[in-house]
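Readers should treat all values here as calculations from the given coordinates under stated rules, not as data from a laboratory. Note that this is a predicted model, so its numbers are computed, not measured. Virtual Cβ from ideal backbone geometry, glycine too; neighbours counted across all protein chains shown.
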Ligand code: GDR
């Protein structure tokens, strides 16, 4: 049986990747985890009894742990979803982002080159690499113009993947993944922060209790949001191609943070709902009747913002025969419904 190492399996997209591989392929999956003192296995707990799934320990910041896993398992596939993924934090911990997102990739590729050069390697690239975009929709030809240490760390990783592919004839690719969300999204990212916050507000309103408004940063930022589960199939298809080639995965639609808020409130179906926005910029507030439910707090602004992202997924659609299955509307509805049910 072929073997795959998947990193980042306790996170959103890594856990969907493992589910996909166990369900649709005959590959033995080694989920790489970093041991933490707090429990973080909620997305993979249901997979642990599967005899084709094993957990191994690996830390992107520790090349010895990377090398030990690769040398022992000698995987046929290596899918790297582990990363410091929160863009907002990257200004506060820039070195850490380069150590994990860039140097981690270099150590993985070096180890693959030495121990299993036939291994097919995938690294998760990001739309943040395009950054300060000069045209829309962004395609594979769009230049790299990152705006954050996070974006820069992913651009550097892309160069490393390319150099290792060209120099050592490795099957190594890095996709450009636009924003991907789900019911498993971390609560620091804007979509989940909104849906979780609205679920709590609904509960408070419907039980007659008080509540604090949700505080957000830039409401005008526009993102190309997809469901994370839609991307994992495309990642697998990239690894099954005849030749290594990078692809861009996106929904092909862009929506503002404010639009996400409006739609999430709509699907929350709060009784006697009656909303209105007032003000602009830092003074912008969304009221439910006379109570603020969303307001701007400049502390969530970024030192440099990526204002607009919109991806062109046509090459992936054509070559990989891939399509998204979840629309923006259903994504928001699924996330808010899940958070309401969880409460
Ligand atoms: P992003 O995701 O930076 O696009 O990176 P995030 O959800 O953090 O931000 C999206 C946009 O929303 C604006 N925003 C806020 N963001 C957060 N987190 N919190 C807020 O309160 C808030 N208010 C407004 C942001 O300024 C931004 O414009 C995600 C990550 O998953 C990356 O790892 C991945 O590479 C890219 O998507 C594609």
Practice task
Work out, step by step, the length gained on full extension between residue 163 and residue 299: first 0.36 nm times the residue separation, then minus their alpha carbon distance; give nm to one decimal.
Solution key: 45.1 nm
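How do the peptides 306-314, 100-108, 234-242 rank, highest first, by the average count of neighbouring beta carbon atoms within 10 Å per residue?
100-108, 306-314, 234-242
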Exercise for the section: Taking the Cβ of each residue in 54, 276, 180 as the centre, tally the other Cβ atoms inside 10 Å and list the residues starting with the fewest. Expected result: 276, 54, 180
Practice task
Let me know the whole percent of all Cα-Cα pairs from region 44-89 that are separated by more than 12 Å.
Solution key: 74
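Determine the calculated [θ] at 222 nm for the chain from helices alone, applying -39500 (n - 2.57) to every DSSP H run no shorter than 4 residues and normalising by the residue count; nearest 500 deg cm²/dmol.
-11500 deg cm²/dmol
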Exercise for the section: Kindly state, to the nearest 0.05, the FRET efficiency for residue 204 paired with residue 48, given R0 = 41 Å and r defined as their beta-carbon distance. Expected result: 0.70
Fill in the blank from the handout: Stokes-Einstein D for the chain (20 °C, 1.002 mPa s, Kirkwood Rh from Cα pairs), in µm²/s, comes to 102
Practice task
Relative to the longest principal axis of the C-alpha atoms of the chain, give the angle of the C-alpha long axis of helix 12-24, reported between 0 and 90° and rounded to the nearest 10°.
Solution key: 60
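I need 60, 22 ordered by Cβ neighbour count within 10 Å, fewest first.
On the way: 60 25, 22 17.
Starting with the residue having the fewest Cβ neighbours, the order is 22, 60.
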Problem - Paired Rg and Dmax values of region 227-343, which use every Cα atom, in angstrom - result: 18.5, 60
Exercise for the section: For helix 328-342, report the angle its Cα long axis makes with the longest principal axis of the Cα atoms of the chain; keep it between 0 and 90° and round to the nearest 10°. Expected result: 80
Fill in the blank from the handout: Going fewest to most other Cβ atoms within 10 Å around each Cβ, 15, 65, 207, 182 line up as 207, 65, 182, 15
Fill in the blank from the handout: Per residue convex hull volume, Cα only, region 104-244, in Å³ is 145
Fill in the blank from the handout: Distance in nm between residue 343 and residue 56 label points, each 7 Å along Cα→Cβ, equals 4.3
Completion exercise
Looks like region 192-231, by Cα gyration tensor root eigenvalues a ≥ b ≥ c and the a/c under 1.5 rounded cutoff (else prolate when a/b is bigger than b/c, oblate otherwise), is oblate
Fill in the blank from the handout: For region 200-269, the percent of all C-alpha pairs falling in each 10 Å bin, from 0 up to the bin holding the max distance, is 15, 30, 25, 18, 9, 3, 0
Completion exercise
Per GNM of the chain with C-alpha springs under 10 angstrom, the most fluctuating residue out of 125, 186, 31 is 186
Problem - Length-normalised contact order of region 243-343 in % [C-alpha pairs under 8 Å, at least 6 apart] - result: 37
Fill in the blank from the handout: By the Cα gyration tensor axes a ≥ b ≥ c (a/c under 1.5 gives rounded; else a/b larger than b/c gives prolate, otherwise oblate), the shape of region 1-88 is oblate
Problem - C-alpha center-to-center spacing [region 1-56, region 260-285] in angstrom - result: 38
Completion exercise
antiparallel share of DSSP beta bridges within the chain, to nearest 5, in %, is 20
Fill in the blank from the handout: By the Cα gyration tensor axes a ≥ b ≥ c (a/c under 1.5 gives rounded; else a/b larger than b/c gives prolate, otherwise oblate), the shape of region 33-173 is oblate
Handout entry: Pairwise label distance in nanometres, residue 278 with residue 115, each label 7 Å out on the Cα-Cβ vector
Key = 6.2
Fill in the blank from the handout: Under a Gaussian network model of the chain whose springs join Cα atoms within less than 10 Å, the largest fluctuation of 162, 202, 92 belongs to 92
